[in-house]
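Student: Before I ask anything, let me first share the structure, which is written out below as structure tokens.
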There are 4 protein chains.
Amino acid sequence: MGDIRFGIAGLGRLGKTHAMNIANTISGAQLVAACSVVEEELAFANNELGVNETYSTYEEMVNSPNIDAVCIVTPSGFHTEQICLAMEKGLHVFSEKPLGLEIEDIERTVETIQAHPDQVFQLGFMRRYDESYQYAKEMVDKGELGELTVIRCYGIDPSAGLESFVKFAKSNNSGGLFADMAIHDIDLVRWFSNKEVNRVWAMGKNAAYPELDDANELETGAAMMQLEDKTTAIIVAGRNAQHGYHVETELIGTKGMLRVAAVPEKNLVSVFNEHGVVRPTSQNFPERFKGAFLNEMKEFITCIKEKRQPDVSAYDGLQGTKIAAALQESVDKNQIVDVN
Amino acid sequence: MGDIRFGIAGLGRLGKTHAMNIANTISGAQLVAACSVVEEELAFANNELGVNETYSTYEEMVNSPNIDAVCIVTPSGFHTEQICLAMEKGLHVFSEKPLGLEIEDIERTVETIQAHPDQVFQLGFMRRYDESYQYAKEMVDKGELGELTVIRCYGIDPSAGLESFVKFAKSNNSGGLFADMAIHDIDLVRWFSNKEVNRVWAMGKNAAYPELDDANELETGAAMMQLEDKTTAIIVAGRNAQHGYHVETELIGTKGMLRVAAVPEKNLVSVFNEHGVVRPTSQNFPERFKGAFLNEMKEFITCIKEKRQPDVSAYDGLQGTKIAAALQESVDKNQIVDVN
Amino acid sequence: MGDIRFGIAGLGRLGKTHAMNIANTISGAQLVAACSVVEEELAFANNELGVNETYSTYEEMVNSPNIDAVCIVTPSGFHTEQICLAMEKGLHVFSEKPLGLEIEDIERTVETIQAHPDQVFQLGFMRRYDESYQYAKEMVDKGELGELTVIRCYGIDPSAGLESFVKFAKSNNSGGLFADMAIHDIDLVRWFSNKEVNRVWAMGKNAAYPELDDANELETGAAMMQLEDKTTAIIVAGRNAQHGYHVETELIGTKGMLRVAAVPEKNLVSVFNEHGVVRPTSQNFPERFKGAFLNEMKEFITCIKEKRQPDVSAYDGLQGTKIAAALQESVDKNQIVDVN
Amino acid sequence: MGDIRFGIAGLGRLGKTHAMNIANTISGAQLVAACSVVEEELAFANNELGVNETYSTYEEMVNSPNIDAVCIVTPSGFHTEQICLAMEKGLHVFSEKPLGLEIEDIERTVETIQAHPDQVFQLGFMRRYDESYQYAKEMVDKGELGELTVIRCYGIDPSAGLESFVKFAKSNNSGGLFADMAIHDIDLVRWFSNKEVNRVWAMGKNAAYPELDDANELETGAAMMQLEDKTTAIIVAGRNAQHGYHVETELIGTKGMLRVAAVPEKNLVSVFNEHGVVRPTSQNFPERFKGAFLNEMKEFITCIKEKRQPDVSAYDGLQGTKIAAALQESVDKNQIVDVN
């Protein structure tokens, strides 16, 4: 089989990452088309990445006879429609998370995807493709931790972005802390445990920016979730980590515990200075998950070539969104919410 | 003021620790009396620690004219009665946690204690006197972490003791995981936050020893608590840490985060061997909190000499027990429980 | 400028790494030719990497009109001759370290290279292109450590390979521990300090395999070197790290200290198990320096396109070899040796 | 046997530490006498520690019939004479390091000590009594590291004290960096290896304070030493650690490596703030070796009671001083020096 020919939709920060990976780094793939409503992004695709076909609408792009697959990196509200359209055109689809914003839309989309089992669909839960997470998953699957009893997932954005988020939140809806950020952590809980979530309680507090209360947003939130086998999952999500980008996962099992990125080490350097002994830290998701973004796209391409589906499915996207919605409802009511 | 003369009640593992600290290590104190129902323990006190007065009953000991203070390290069920008796005899009282088992008893005991404001009363929440916890508390109080938003406390006993606990639990009532073990973590939450707990949800799972279900005991449990100012407190308690004795506390604030014993380092040694790079770990509470047990007793003695009360009060004991009871009720009902 | 077309010489373990990087991963490069005396290696190049031109001799390959550059990954004894031949053919040359085995040969080769300033020459000191080392170098160059006073470099191979090395050493000459292994550390000393080495003393000990004494090889060796500005450089080289592949560098300056890979962390995972708290470790150089091998080749290609020379020069190779030779002489004499 | 009654000579910073340990903390000992030329120090002993007998001369104190043992914490130049005098008076002697300043004096003192085998003599190499060092020593002695091949010892004082040292050095002789500071590291090398040092090379550099060149002092120095069994010992000594008090020891063996205080952790706290993830560090020797100072004195007292000699002998002091002298000679000549 020859190179997989991609069209990319959306060329913002993460879109550019995917575009460059497809165009320059991954063997067996070509980036032949791009669509965006931003002129400069198309110029970038054309000039820097050698993309020949540029489109101002997604519909035009998916009609191109020259593409085998699309990579969707548009705003979340467009995902379900764009996924369905590509599926109907016979294209393989890689879509950034979340699958969509409304449960009903997502359910229809999952049906559409499942109706095209010969086309590969992959959702951008890239953490599953990070080598530290893969190492952890392998240990769990081999039974080296025994049976899991507690899973703890932290996802805290750097403080550097908090002020601009506060401004954004005054006139926009992020979807809420759990849908916007903890969605990755929710997926990790399901992935590591192979279990579904039954009941949740979530809460949060706006301490640095109390005005976030008015926007129904949370600076820092936490949740406890009970899985179907009584395993406890704990989530902390936030937007105010002074030390950088803090994504940490802990697995407690009957035979041992494991932590991924308890210290979000930037590299292998330690500095001994007037502050003490310092480990520099990752500052943002492109830095932390650089390898994971590459690996997930390689996996997508390999799945197309090997005619199989990836580990992460549309159903995972649906379940993640359902749980995130339950967490938000729990915050709003300050009560336990049953999922389903 | 001369040496403070102690009588000690109970000379089990922790009793011996206190007895040796008072008799041998702390200046300004003498151990002059001991009571125990175990003959060998009294012989130990006499022969090894030079204790002159040994008694088979607590009542006899508190009638001795030669003691200024008692140190109570008897089974939890005796605490309230023994505290009250000593208070009425005009003695200063150091009592191991918990203050008692029944809320009503504890409330009466708190009243008795408060009716004798010139006698020092201190409860054995020794973690407050550990130097790492004191360093953390000082940072919090100086505002170096900003306003706290999340507090996470782990207290997990080593797996080495699990099998014998399972046997014990078949015919005894430990009081439950939260009252027996998380009581220290509950106190840390209140101490660091200076806030009370409003609502709690707790759960747990018996994976290695499912027979603990029958004993209504938990091998591993978790709880989320909402404080009066919306701060979230997360607790994990357990009896199955393969690597040793895992007591860890995390404080997340608007200006920074802090962890005490994220790795429960035994000492300053790292070993590079076929397992990787290994930090040996603390194996039990006498090892981990050796310095804290010493410091708390020094503080008790200093309080007597300086005629003041310690930082940790009978009220702290009452509140801790109330919260632990709410956690247990929450486990039993699998529902949120309001404290109070 | 179009893609840089490569011929590769040698397709052993490291040769394959370079070949796959050029063929599959790095944009702007093609692998068009390969030479090897091993039939299977050529078949691999042809079948797996799509290399069209395969040769059994280096001379044939460099006569191909279709290549712009060679990547030399042959046994060390061939390097100088192959470099000179490629240079004379007008090709850009990337050569694995060492530049050569004999100082005179190397000096002639450096002259040849310098006589072709329009062709890019780069030596495979890949550590300079590792992101942790680059972070460290940037800190040093910005003055964040002040003036350097001590540099410590460890390079210890995993014990896993020691037994086979002992067999190898009985009938082969590795060049000695310092030329074979510490050459990278010597380069780091010169790179970080921007200073030359004046005097050295080296020693070593064969404890696990005393029979290495007969082969004039060292299981573990150490050296102290005095740089021209009195900075001390300390080197430990070895073949017996039970925990894996230990490459560590320390920089002590007047304003701070820094360590690269004090713990050779494999990834971001910590495991809490019966051994203690364990950081898994890198096991070999392809794992540890995967990114560095990629980055150095990208830099080579960029240099060709931008018509400039890389940071690491043929002169660096010459100086490194001179110092390694002085270290070996010092071991043999158990005396200080002056470098030039 | 009753309490051991001590006289202490010298009540400076370290003298006070020993005095308080003897007077207040260690059971089985009493501080009954003190001598000092500083009036305030004697007042402190009398008022704070309840010392009844205070003397302005050492000679008077050792004539007191009320003391069993002396603790010598006077300036180094007085040690040999004071040790001999106490020995001749039949007293047990604990002396701070170094044993003395001149090899001949020390040799005579060792003879005097050896002529009184029934009196306990102990030298203040307190690191041997630190619990991390004891853990390491036990591992070595059990063979868990196999045969040692390299020992690396760092002893670097905090930068905080450097400026005042520079002033001091202009008109005083510290004895040199190796005798003044590395003496503890030299002792560790001998203790861990059970081997003597054969040959040494030492050097150093004054970068922050070049004026130290004139005082023949070193801000940062390093040494390599060859032991009788070819083990390499590496020493770095300095006065300019920005992060605090850095005492680190590494043991490399055929079966594993071990580091004591690779990060000189102050406590179990990690701080996650704008600098990264920070481990606070020990700031000075009283903080770092608080437990060791206590343990060594307990051991001295136990030795008296059990009528045996401690692990650290006068001979260890002699050998340490010989090696330190060889290191200084090596710096002065910039040549290898053989130790005898």
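The values are calculated or read from the model by the stated rules, or taken from the named source; none is laboratory data. Worth saying up front: this structure is predicted, and the values here are computed from it rather than measured. Please note: Cβ atoms are built from the backbone with ideal geometry, for glycine as well, and neighbour counts cover all protein chains shown. For accessibility, only protein heavy atoms count, side chains too; no ligands or nucleic acids. Shrake-Rupley method; radii C 1.70, N 1.55, O 1.52, S 1.80 Å.
Student: If C:Arg13 satisfies all but one of (1) touching a residue at least 40 places away in the same chain (Cβ under 8 Å); (2) crowded, with 17+ Cβ neighbours inside 10 Å, what's the number of the condition it fails?
Tutor: (2)
Student: So, B:Ile106, is that one more than 23 Å from B:Leu31 (Cβ to Cβ) and open to solvent by less than 20 Å² (accessible area, probe 1.4 Å) or not?
Tutor: Working: more than 23 Å from B:Leu31 (Cβ to Cβ): yes; open to solvent by less than 20 Å² (accessible area, probe 1.4 Å): yes.
The answer is yes for B:Ile106.
Student: For the range A:124-152, which residues satisfy the criterion of being within 14 Å of chain C (Cβ to nearest Cβ) and over 21 Å from A:Asn295 (Cα atoms)?
Tutor: Correct list: A:Lys142, A:Gly143, A:Glu144, A:Leu145, A:Gly146, A:Leu148, A:Thr149, A:Val150, A:Arg152.
Student: Kindly provide the set of residues from the range A:82-108 that are at positive phi and assigned to a helix (DSSP H, G or I), ordered by number.
Tutor: Passing the criteria: none in range.
Student: Can you tell me which residue within the range A:192-213, out of those that are free of Cβ contacts under 8 Å to residues at least 24 places away in the same chain and either farther than 14 Å from A:Gln328 by Cα or facing chain B (nearest Cβ under 8 Å) (or both), is nearest to the chain's Cα centre (by Cα)?
Tutor: Filtering the range A:192-213 down to residues free of Cβ contacts under 8 Å to residues at least 24 places away in the same chain leaves A:194, A:205-207, A:210, A:213.
Narrowing further to those that are either farther than 14 Å from A:Gln328 by Cα or facing chain B (nearest Cβ under 8 Å) (or both): A:194, A:205-207, A:210.
Values: A:Asn194: 18, A:Lys205: 24, A:Asn206: 24, A:Ala207: 27, A:Pro210: 28 Å.
Among residues in the range A:192-213 that are free of Cβ contacts under 8 Å to residues at least 24 places away in the same chain and either farther than 14 Å from A:Gln328 by Cα or facing chain B (nearest Cβ under 8 Å) (or both), the one nearest to the chain's Cα centre (by Cα) is A:Asn194.
Student: Kindly list the number of the only condition in (1) touching a Phe, Trp or Tyr at 6+ places or on another chain (Cβ under 6 Å); (2) over 22 Å from A:Phe293 (Cβ atoms) that fails for A:Tyr55.
Tutor: Only one criterion in (1) touching a Phe, Trp or Tyr at 6+ places or on another chain (Cβ under 6 Å); (2) over 22 Å from A:Phe293 (Cβ atoms) is unmet by A:Tyr55, namely (1).
Student: Going through the range B:250-287 one residue at a time, which ones are part of a strand (DSSP E or B) and either more than 7 Å from chain D (Cβ to nearest Cβ) or touching a residue at least 24 places away in the same chain (Cβ under 8 Å) (or both)?
Tutor: In the first step, residues of the range B:250-287 are kept if they are part of a strand (DSSP E or B); the result is B:250-253, B:257-260, B:265, B:269-273, B:276-279, B:281.
Matches in the range B:250-287: B:Glu250, B:Leu251, B:Ile252, B:Gly253, B:Met257, B:Leu258, B:Val260, B:Gly276, B:Val277, B:Val278, B:Arg279, B:Thr281.
Student: Testing A:Glu163 on (1) more than 24 Å from A:Lys307 (Cβ to Cβ); (2) buried (at least 23 other Cβ atoms within 10 Å of the Cβ), one condition comes back false. Which one is that?
Tutor: The number of the failed condition is (2).
Student: Being buried (at least 19 other Cβ atoms within 10 Å of the Cβ) and not in a strand (DSSP E or B) is the filter here, so list the residues in the range A:21-41 that pass it.
Tutor: A:Asn21, A:Ile22, A:Ala23, A:Ile26, A:Ser36, A:Glu41
Student: Can you tell me which residues in the range C:208-226 are part of a loop (DSSP other than H, G, I, E, B), touching a strand residue (DSSP E or B) at 6+ places or on another chain (Cβ under 9 Å), open to solvent by less than 40 Å² (accessible area, probe 1.4 Å) and not charged (D, E, K, R)? Walk me through it before giving the result.
Tutor: Pass one, the range C:208-226, residues part of a loop (DSSP other than H, G, I, E, B): C:208-209, C:214-219.
Next, only the ones that are touching a strand residue (DSSP E or B) at 6+ places or on another chain (Cβ under 9 Å) stay: C:208-209, C:217-219.
Next, only the ones that are open to solvent by less than 40 Å² (accessible area, probe 1.4 Å) stay: C:217-219.
Result: C:Leu218, single match.
Student: Another question about this same structure. Being within 28 Å of B:Glu265 (Cβ to Cβ) and touching a helix residue (DSSP H, G or I) at 6+ places or on another chain (Cβ under 9 Å) is true for just one of D:Val120, D:Val150, D:Val93, D:Val140. Which residue is that?
Tutor: Values: D:Val120 fails: within 28 Å of B:Glu265 (Cβ to Cβ); D:Val150 fails: touching a helix residue (DSSP H, G or I) at 6+ places or on another chain (Cβ under 9 Å); D:Val93 fails: within 28 Å of B:Glu265 (Cβ to Cβ).
Only one candidate passes the filter, namely D:Val140.
Student: Give the number of residues within the range A:244-275 that are touching a Phe, Trp or Tyr at 6+ places or on another chain (Cβ under 6 Å) and of a type in the set (Asp, Glu).
Tutor: Count: 1.
Student: Looking at the range B:302-321, which of its residues are assigned to a helix (DSSP H, G or I) and either within 12 Å of B:Asp187 (Cβ to Cβ) or touching a Pro at 6+ places or on another chain (Cβ under 9 Å) (or both)? Don't jump to the end; show me each part of the working.
Tutor: First, pick out the residues of the range B:302-321 that are assigned to a helix (DSSP H, G or I): B:302-306, B:314-321.
Those that are assigned to a helix (DSSP H, G or I) and either within 12 Å of B:Asp187 (Cβ to Cβ) or touching a Pro at 6+ places or on another chain (Cβ under 9 Å) (or both): B:Thr302, B:Cys303, B:Tyr315, B:Asp316, B:Gly317, B:Leu318, B:Gln319, B:Gly320, B:Thr321.
Student: Considering only the range A:50-81, state which residues are part of a helix (DSSP H, G or I) and open to solvent by 20 Å² or more (accessible area, probe 1.4 Å). Before the answer, list the steps.
Tutor: Let us first name the residues in the range A:50-81 that are part of a helix (DSSP H, G or I), namely A:58-62, A:76-81.
Within the range A:50-81, A:Glu59, A:Glu60, A:Ser76, A:Gly77, A:Phe78, A:Glu81 qualify.
Student: Give the residues of the range B:62-84 that are out of contact with any Leu (no Cβ under 9 Å at 6 or more places or on another chain) and modelled with pLDDT of 95 or more, sorted by residue number. Spell out how you get there, then give the answer.
Tutor: Looking only at the range B:62-84, we keep the residues that are out of contact with any Leu (no Cβ under 9 Å at 6 or more places or on another chain), and these are B:63-66, B:72, B:74-75, B:78, B:81-82, B:84.
Scanning the range B:62-84 gives B:Asn63, B:Ser64, B:Pro65, B:Asn66, B:Ile72, B:Thr74, B:Phe78, B:Glu81, B:Gln82, B:Cys84.
Residue by residue, here is whether (1) over 20 Å from the mean Cα position of the chain (by Cα); (2) in contact (Cβ under 8 Å) with a residue 60 or more places away in the chain; (3) farther than 19 Å from B:Phe178 by Cβ holds:
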| position | (1), (2), (3) |
| --- | --- |
| B:Asp68 | yes, yes, yes |
| B:Val73 | no, yes, yes |
| B:Ser76 | no, yes, no |
| B:Lys89 | yes, no, yes |
| B:Phe94 | no, yes, yes |
| B:His116 | yes, no, yes |
| B:Val120 | no, yes, yes |
| B:Leu123 | no, yes, no |
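Student: Restricting attention to the range A:242-295, which residues are open to solvent by less than 10 Å² (accessible area, probe 1.4 Å) and out of contact with any strand residue (DSSP E or B) (no Cβ under 7 Å at 6 or more places or on another chain)?
Tutor: Selection gives A:Ser282, A:Phe289, A:Ala292, A:Phe293.
Student: Quick one: would you say D:Val110 is assigned by TED's automatic domain parsing to the domain that holds D:Gln82 and either at pLDDT below 95 or in contact with a helix residue (DSSP H, G or I) (Cβ under 7 Å, 6 or more places away or on another chain) (or both)?
Tutor: Details: assigned by TED's automatic domain parsing to the domain that holds D:Gln82: yes; either at pLDDT below 95 or in contact with a helix residue (DSSP H, G or I) (Cβ under 7 Å, 6 or more places away or on another chain) (or both): yes.
For D:Val110, the condition - assigned by TED's automatic domain parsing to the domain that holds D:Gln82 and either at pLDDT below 95 or in contact with a helix residue (DSSP H, G or I) (Cβ under 7 Å, 6 or more places away or on another chain) (or both) - is met.
Student: I'm checking my understanding of the structure. Among residues of the range C:140-160 that are in a helix (DSSP H, G or I) and surrounded by 18 or more Cβ atoms within 10 Å (Cβ to Cβ), which one is nearest to the chain's Cα centre (by Cα)?
Tutor: It comes out as C:Ser159.
Student: Let me ask you something else. From the list B:Gly221, B:Gly204, B:Gly253, exactly one residue is in the same structural domain as B:Met139 (by TED's automatic domain parsing), farther than 30 Å from D:Asn267 by Cα and of a type in the set (Gly, Ala, Ser). Which is it? It would help to see each step written out before you state the result.
Tutor: Working: B:Gly221 fails: farther than 30 Å from D:Asn267 by Cα; B:Gly253 fails: farther than 30 Å from D:Asn267 by Cα.
Just one listed residue meets the conditions, B:Gly204.
Student: Please verify whether the range B:2-11 includes one or more residues that are within 21 Å of B:Pro286 (Cα to Cα), assigned to a loop (DSSP other than H, G, I, E, B) and of a type outside the set (Ser, Thr, Tyr).
Tutor: Yes, that holds for at least one residue.
Student: Pairs, please: C-beta under 6 Å, at least 6 apart or cross-chain, first residue within 14 Å of another protein chain (Cβ to nearest Cβ) and in the range B:315-340, second in a helix (DSSP H, G or I) and open to solvent by 40 Å² or more (accessible area, probe 1.4 Å)?
Tutor: From the range B:315-340, the pairs are B:Val337/B:Glu329.
Student: Next up: I want to confirm something. Restricting to the range D:227-240 and keeping residues that are facing chain C (nearest Cβ under 7 Å) and open to solvent by less than 10 Å² (accessible area, probe 1.4 Å), which single residue is nearest to D:Asp180 (Cα to Cα)? Quick ask: steps written out before the conclusion?
Tutor: Taking the range D:227-240 first, the residues facing chain C (nearest Cβ under 7 Å) are D:230-232, D:234, D:236, D:240.
If we keep only those that are open to solvent by less than 10 Å² (accessible area, probe 1.4 Å) too, we end up with D:231-232, D:234, D:236.
Numbers: D:Thr231: 24, D:Thr232: 22, D:Ile234: 17, D:Val236: 13 Å.
Only one residue tops the list, namely D:Val236.
Student: Let me ask something additional. Checking A:Lys298 against (1) under 30 Å from C:Leu148 (Cβ atoms); (2) within 14 Å of chain C (Cβ to nearest Cβ), only one condition comes out false. Which one?
Tutor: Exception for A:Lys298: condition (1).
Student: Okay, next question. Please enumerate the residues belonging to the range B:109-127 that are crowded, with 24+ Cβ neighbours inside 10 Å and assigned to a loop (DSSP other than H, G, I, E, B).
Tutor: Residues satisfying the conditions are B:Val120, B:Gly124, B:Phe125.
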